[in-house]
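The values are calculated or read from the model by the stated rules, or taken from the named source; none is laboratory data. Note that the coordinates shown come from a computational prediction; the quantities given were computed from them, not determined experimentally. Cβ: placed from backbone, ideal geometry, glycine included. Neighbour counts: every protein chain shown.
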Amino acid sequence: MTKKVDFNSIKPEEVKEELLSKYPVKVARKRAKQIVINKVDNGDVVPEVLANTRTVPGILTMRGCAYAGCKGVVLGPTRDILQITHGPIGCAFYSWLTRRNQTRPKTDDAPNFMPYTMSTDLQEDEVIFGGEKKLKKAIEEAVGLFHPKAIGIFSTCPVGLIGDDVHAVAREMEEKFPDVNIFGFSCEGYKGVSQSAGHHIANNKVFTDVVGLSDKPKEGKFRFNILGEYNIGGDAFEIERVAEKCGLTIHSTFSGNSEYDEFISAHTADLNVVMCHRSINYLAEMMEKKFGIPWFKVNFIGAESSAKSLRKIAEYFGDKELMANVEKVIAEEMIEVEKVRLDVKSRCEGKTAMLFVGGSRAHHYQDLFREIGMQTLSAGYEFAHRDDYEGRKVIPEIVIDADTRNIEELTVEKDDNRFSPRKSESEIEAYSKKGFKWSDYDGMMPEMQNNTLVIDDLNHYETEVLIEKYRPDIFCAGIKEKYVVQKQGIPLKQLHSYDYSGPYAGFKGAINFYKEIDRILNTNVFKLVKAPWQETPELSGSYAWTK
Amino acid sequence: MKAQEKVIEKIADPARNTCRLCAPLGASTVFRGIENCIPLLHGSQGCSTYIRRYMISHFREPVDIASSNFSESAAVFGGRENLHTALDNVIGKYQPSLVGIATTCLSETIGDDVSLYIKEYNEKSKSDVPVVNVPTPSYKGIHTDGYRDAVISCIKTVSKENESGDFINIIPAFVSPEDLRHLKEIASDFKTDAVLFPDYSETLDGESWESYKKISPGGTLLSDIARIKSAKASIVIGSSLSRSGLSGSLSDHLPNSHFMNLPIGIDLCDEFFGAFEKATGKQLPEKYSSERNRLVDSYMDAHKYFFEKRAIIAGDEDLVVSLASFMSEIGIVPVICATGSDNPAAAEIIKKYAPDAEVMSDSDYATVLDKAKGMNCDLVIGSSKGFYLSKNLSIPLVRVGFPVHDRFGSQRIKHLGYRGTQSILDNIANAIIEHKQNSSNIGYSYL
């Protein structure tokens, strides 16, 4: 294994300086605000991070586009909304089963459109004369073939530029096929600064055109929705298993292992819990305003975090039997978790990780590493906003730039007939006194150590410098970074696709993750690969080698 | 209403489970095949991100593709500033020998004049790094078009007319890194000086590195591309390379060129090695006649498994054409030959090799599946995306081409030459045997 560096001997200011030294002045000035040395001594106030701002052209970013965030992330995991990509062929191909969302239709003949991609495949003529007719034809074909309950239209870059009105087409075709809910997303790739814009666009449309169409509640006690869980590697299945065992009813998940009927009646549930704050907080906020459903943040990544989240949900419902049951389930599940955790910890304790991924994952996975005694040296998000780093308390201070202003912010009002507060004001207050944090998220930084580096929108060059300086035992990111990092002799764990393993959520997921990290860190394979610094002794003087 | 319906009837079908990718992916592959070159896509960052993650899932190597990161304002006012900043940063960070720019649907739709922007950049920055520009709107071509157009643009920009030299060019279509290594080996065995362009055999199937490198090592040298126009002969393999597209025609820029299909199967390999003999004036090395003889021998040995088996071949036209020829040699009957491209010339050739097949151009997997139901097909030959056919028809899939992201070693799949044909033949035979074995209740271990 690679030689280790003593974290405390590294001066983060020097690393930051080196990271910035190669940039032109203008770029350096901007990156200086996006590379932050964490400080947690000041209560819950952490340093400010510049986030959700444009990537500098020519710098290799991890980020994707609004289409990817809308079609790929938020709507992609839903199995029975037929999705049509309106545009030339590439985008539909690249978003075809690319993320590893799993789904389990309830019956053998229930529709599942996920292994299926449909594109209007625009050609030059349509780019010149308009593609609306072809879009109509595609919708007709889709209805003829499948007669789905709902069709989503996803716009790619040229669509907005040539002036195709996907929303008008959706309305017109809905008149023609009144029993199919047809809606369009203006998620052209150039919108916003990352996939985050696409999340917001998706949230808006799902809220206006899907949620609330049926007031028929699902059967079951203690009904709640999970927002921002996308069932990568079967995570949602594990959460469903645990919830069921506890006696909880998941009404709908946005959007892992989900179906349309659960979405349209989601407003009948009594609670929204938010996993991936970045991609779905808009929907939680809007559902609270319109229907009176409270929300709070949970995390099912990490055994401790899962237990904590379950307790919080049970406490919310306030049922003694439920609370006792949750405790029983946690105790049962933790037996195996602890057995594996302690065994793996004996080999992984003291090792180090870096996480640069997502808009929540870089935060959530630190819990799992902590459970096996591993330290996070540096972390950052690809497409998060300041609130995901510093907590929602900074939202009023966030400067709205032109890129964000172009994404519609819906004005939501109370639904006079259906608004019903799930808890009275005095109840809410009583919960708050007990430490309940409603509609809030503390962000990643308060949970990270002093002097760790927090970096937004990390790029290739910076990855290289970080690895050279810190020599982490493991680096977590996505497939684009995987082989770049592994060429440097450091294993990379993909936290987008999980390297096609998983689940990592819940209790069984935690066990899977511990074992996976154990395998990666203690394999013989990486011993065959020489890391660059093993041949560059000039650095050895300034660091304490542990091996 | 009726008039409108009529209009709709005339519109081409939408694509359902497409078997083609977009043009900038092909162009980026070519740029990754040039030493110390960095591809730069002029458009939204999603294009470079999607293409990178797709290529990486197949090649399992770093694939750096920069972007000019269009924002909404760039989409409205044009991407000049973005492109200039991107060039500044890419040249500053990577010190490349060449920057390969491919456009995207976005920059093409708004009509950005990339050649002008490059000229302005060169004047302003005094940069001496050459920049190649290839137009790759995906509403006007697919990945194989982008690949060919990038090859042509590079030759046009970099190569100089000189006195004829004693070497040949080998220009392959989108094949695997293993295939490229094989082509180099053949040139070396013929003891001939050859320029292989593009050559991503190292960049997209690299070794473990002792120290980190900003750009993966390997690729055709710029100095080799510069001499392409003075070769004594050029061997161009793959039917998609013989078409002319947005960058013109390859034949206009290559001396004494022999256009042929990918050498798969005895016939096409004989033609290929014949062209090599003619171009170099040297005889086929014995190693290859042995490979040929072993292949013929295995044709006989495996015939019982292949005879009258019915196959679907789907994917890039370069592969489909040559696989159709190969199938006709071994006794497998191609019943559907589907390509994502719309090339009537390729369709004609396929028809010649597979007279009984339904030849589908500009096609997609869903249409192929509709057609294939009830046709009693025995196997599919195609990329990982063909798994959709294989699963729905409950028949085996033999994986070839790109993308293959559900198996290991995709970058090392052998397709070309007697050796590549041998490998495909073995895989097909084994797929058929395995399928038979798995569907048997008796538990045969001898088949």
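Okay, residues lined up against (1) touching a Phe, Trp or Tyr at 6+ places or on another chain (Cβ under 8 Å); (2) at pLDDT 95 or above:
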position: B:10; (1), (2): no, no
position: B:29; (1), (2): yes, yes
position: B:53; (1), (2): yes, no
position: B:82; (1), (2): yes, yes
position: B:104; (1), (2): no, yes
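Kindly provide the set of residues from segment A:43-74 that are surrounded by fewer than 24 Cβ atoms within 10 Å (Cβ to Cβ) and either more than 11 Å from chain B (Cβ to nearest Cβ) or under 30 Å from residue A:261 (Cα atoms) (or both), ordered by number.
A:43, A:44, A:45, A:47, A:48, A:50
Among (1) touching a Pro at 6+ places or on another chain (Cβ under 7 Å); (2) within 11 Å of chain A (Cβ to nearest Cβ); (3) surrounded by 24 or more Cβ atoms within 10 Å (Cβ to Cβ); (4) farther than 26 Å from residue A:131 by Cβ, where does residue B:40 come up short?
(1)
I'd like to check something: does segment B:209-216 contain any residue that is within 14 Å of chain A (Cβ to nearest Cβ) and crowded, with 21+ Cβ neighbours inside 10 Å? Steps first, please.
Filtering segment B:209-216 for residues within 14 Å of chain A (Cβ to nearest Cβ) gives B:209-216.
Okay, now just the ones that are also crowded, with 21+ Cβ neighbours inside 10 Å, so B:216.
Yes: one or more hits.
Being within 14 Å of another protein chain (Cβ to nearest Cβ), touching a Pro at 6+ places or on another chain (Cβ under 7 Å) and closer than 23 Å to residue B:402 by Cα is the filter here, so list the residues in segment A:75-116 that pass it.
Listed by number, the residues that qualify are A:87, A:88, A:97.
Checking residue B:401 against (1) touching a helix residue (DSSP H, G or I) at 6+ places or on another chain (Cβ under 6 Å); (2) outside any loop (DSSP other than H, G, I, E, B); (3) buried (at least 24 other Cβ atoms within 10 Å of the Cβ): exactly one of these is not met. Which one?
Result: residue B:401 passes all but (2).
Against the definition (surrounded by fewer than 23 Cβ atoms within 10 Å (Cβ to Cβ) and at pLDDT below 95), how does residue A:484 come out, yes or no? It would help to see each step written out before you state the result.
Working: surrounded by fewer than 23 Cβ atoms within 10 Å (Cβ to Cβ): no; at pLDDT below 95: yes.
In short, no.
Let me confirm something: among B:242, B:234, which residue is out of contact with any helix residue (DSSP H, G or I) (no Cβ under 6 Å at 6 or more places or on another chain), farther than 24 Å from residue B:189 by Cβ and among the polar types (S, T, N, Q)?
Working: B:234 fails: farther than 24 Å from residue B:189 by Cβ.
None of the others qualify; the one that does is B:242.
Give me the helices (runs of 4 or more DSSP H) completely within segment A:211-325, filtered to those with at least 2 residues that are under 20 Å from residue A:444 (Cβ atoms), ordered by residue number.
Numbers: elements: A:235-246, A:260-264, A:277-291, A:303-317.
Per the criteria, A:277-291, A:303-317.
Among A:205, A:134, A:176, which is the only one that is modelled with pLDDT of 95 or more, at negative phi and surrounded by fewer than 19 Cβ atoms within 10 Å (Cβ to Cβ)?
Details: A:205 fails: surrounded by fewer than 19 Cβ atoms within 10 Å (Cβ to Cβ); A:134 fails: surrounded by fewer than 19 Cβ atoms within 10 Å (Cβ to Cβ).
After ruling out the rest, the residue left standing is A:176.
May I ask you to say which residue of A:314, A:331, A:362 is at pLDDT 95 or above and surrounded by fewer than 22 Cβ atoms within 10 Å (Cβ to Cβ)?
Numbers: A:314 fails: surrounded by fewer than 22 Cβ atoms within 10 Å (Cβ to Cβ); A:362 fails: surrounded by fewer than 22 Cβ atoms within 10 Å (Cβ to Cβ).
Step by step, each of A:314, A:331, A:362 is checked, and only A:331 is at pLDDT 95 or above and surrounded by fewer than 22 Cβ atoms within 10 Å (Cβ to Cβ).
Among the residues that make up segment B:271-286, is at least one of them more than 30 Å from residue B:427 (Cβ to Cβ), of a type in the set (Gly, Ala, Ser) and not assigned by TED's automatic domain parsing to the domain that holds residue B:401?
yes
Would you check which residues across segment A:1-12 are loosely packed, with under 15 Cβ neighbours inside 10 Å and closer than 24 Å to residue A:389 by Cα and list them? It would help to see each step written out before you state the result.
So the first thing to find is which residues in segment A:1-12 are loosely packed, with under 15 Cβ neighbours inside 10 Å, and the list is A:3, A:6, A:8-9, A:11.
Passing the criteria: A:8, A:11.
Give the number of residues within segment A:306-338 that are aliphatic (A, V, I, L, M) and under 28 Å from the mean Cα position of the chain (by Cα). Even if it seems obvious, please write down each step before you answer.
Going through segment A:306-338, the residues aliphatic (A, V, I, L, M) turn out to be A:307, A:310, A:313-314, A:322-324, A:326, A:329-331, A:334-335, A:337.
Okay, now just the ones that are also under 28 Å from the mean Cα position of the chain (by Cα), so A:307, A:310, A:313-314, A:326, A:329-330, A:334, A:337.
Residues flagged as aliphatic (A, V, I, L, M) and under 28 Å from the mean Cα position of the chain (by Cα) within segment A:306-338 amount to 9.
Based on what the data block shows, is residue B:249 surrounded by 19 or more Cβ atoms within 10 Å (Cβ to Cβ) and at pLDDT 95 or above? Step through it out loud before you land on a result.
Details: surrounded by 19 or more Cβ atoms within 10 Å (Cβ to Cβ): no; at pLDDT 95 or above: yes.
No.
If I ask for residues that are within 7 Å of chain B (Cβ to nearest Cβ) and of a type in the set (Asp, Glu), which ones from segment A:127-145 would you list? It would help to see each step written out before you state the result.
Going through segment A:127-145, the residues within 7 Å of chain B (Cβ to nearest Cβ) turn out to be A:127, A:133-134, A:136-138, A:141.
If the condition is that a residue be within 7 Å of chain B (Cβ to nearest Cβ) and of a type in the set (Asp, Glu), then A:141 is the only one that fits.
What number of residues in segment B:18-27 are over 11 Å from residue A:90 (Cβ atoms) and modelled with pLDDT of 95 or more?
If we filter segment B:18-27 for residues that are over 11 Å from residue A:90 (Cβ atoms), which is where we start, we get B:19, B:27.
Still in the running and modelled with pLDDT of 95 or more: B:27.
Of the residues in segment B:18-27, 1 are over 11 Å from residue A:90 (Cβ atoms) and modelled with pLDDT of 95 or more.
Considering (1) part of a loop (DSSP other than H, G, I, E, B); (2) farther than 16 Å from residue A:202 by Cα, say which one residue A:189 fails and leave the rest.
(2)
Please tell me if residue A:101 is on the phi > 0 side of the Ramachandran plot and of a type in the set (S, T, N, Q). Walk me through how you get there before you give the answer.
Working: on the phi > 0 side of the Ramachandran plot: no; of a type in the set (S, T, N, Q): yes.
Considered against the rule, which asks whether it is on the phi > 0 side of the Ramachandran plot and of a type in the set (S, T, N, Q), residue A:101 comes out as no.
Identify, please: which residue in segment A:13-42 is surrounded by 17 or more Cβ atoms within 10 Å (Cβ to Cβ) and not in a helix (DSSP H, G or I) and is, among those, nearest to the other protein chains (Cβ to nearest Cβ)?
A:23
Any residue that is closer than 22 Å to residue B:71 by Cβ and not β-branched (Val, Ile, Thr) - is there at least one of those in segment A:407-418? If you could, list the steps in order and put the result at the bottom.
First pass over segment A:407-418, keeping only residues closer than 22 Å to residue B:71 by Cβ: A:407-409.
Filter once more, keeping what is not β-branched (Val, Ile, Thr): A:408-409.
Taking every residue of segment A:407-418 in turn, at least one turns out to be closer than 22 Å to residue B:71 by Cβ and not β-branched (Val, Ile, Thr).
With a cut-off of at least 2 residues that are more than 8 Å from chain A (Cβ to nearest Cβ) and among the acidic types (Asp, Glu), name the helices (runs of 4 or more DSSP H) lying wholly within segment B:55-147.
On the way: elements: B:72-77, B:80-94, B:105-109, B:114-125.
Here the list reads B:114-125.
Given the conditions (1) within 9 Å of another protein chain (Cβ to nearest Cβ); (2) in contact with a helix residue (DSSP H, G or I) (Cβ under 9 Å, 6 or more places away or on another chain); (3) without any contact (Cβ under 8 Å) to a residue 60 or more places away in the chain, and given that residue A:158 satisfies all but one, which numbered condition is not satisfied?
(3) is the only condition that residue A:158 fails.
Identify the single condition in (1) touching an Asp or Glu at 6+ places or on another chain (Cβ under 8 Å); (2) in a helix (DSSP H, G or I) that residue B:345 does not satisfy, given that it satisfies every other one.
(1)
So the check is Cβ under 6 Å with 6+ separation or different chains; which pairs have a first residue in segment A:39-60 that's at positive phi and a second one that's at pLDDT 95 or above and in a loop (DSSP other than H, G, I, E, B)?
If the second residue must be at pLDDT 95 or above and in a loop (DSSP other than H, G, I, E, B), the pairs left are A:52/A:385.
Would it be correct to say that residue A:457 is surrounded by 22 or more Cβ atoms within 10 Å (Cβ to Cβ) and either more than 19 Å from residue A:521 (Cβ to Cβ) or not assigned by TED's automatic domain parsing to the domain that holds residue A:51 (or both)? Steps first, please.
Numbers: surrounded by 22 or more Cβ atoms within 10 Å (Cβ to Cβ): yes; either more than 19 Å from residue A:521 (Cβ to Cβ) or not assigned by TED's automatic domain parsing to the domain that holds residue A:51 (or both): yes.
Answer is yes for this residue.
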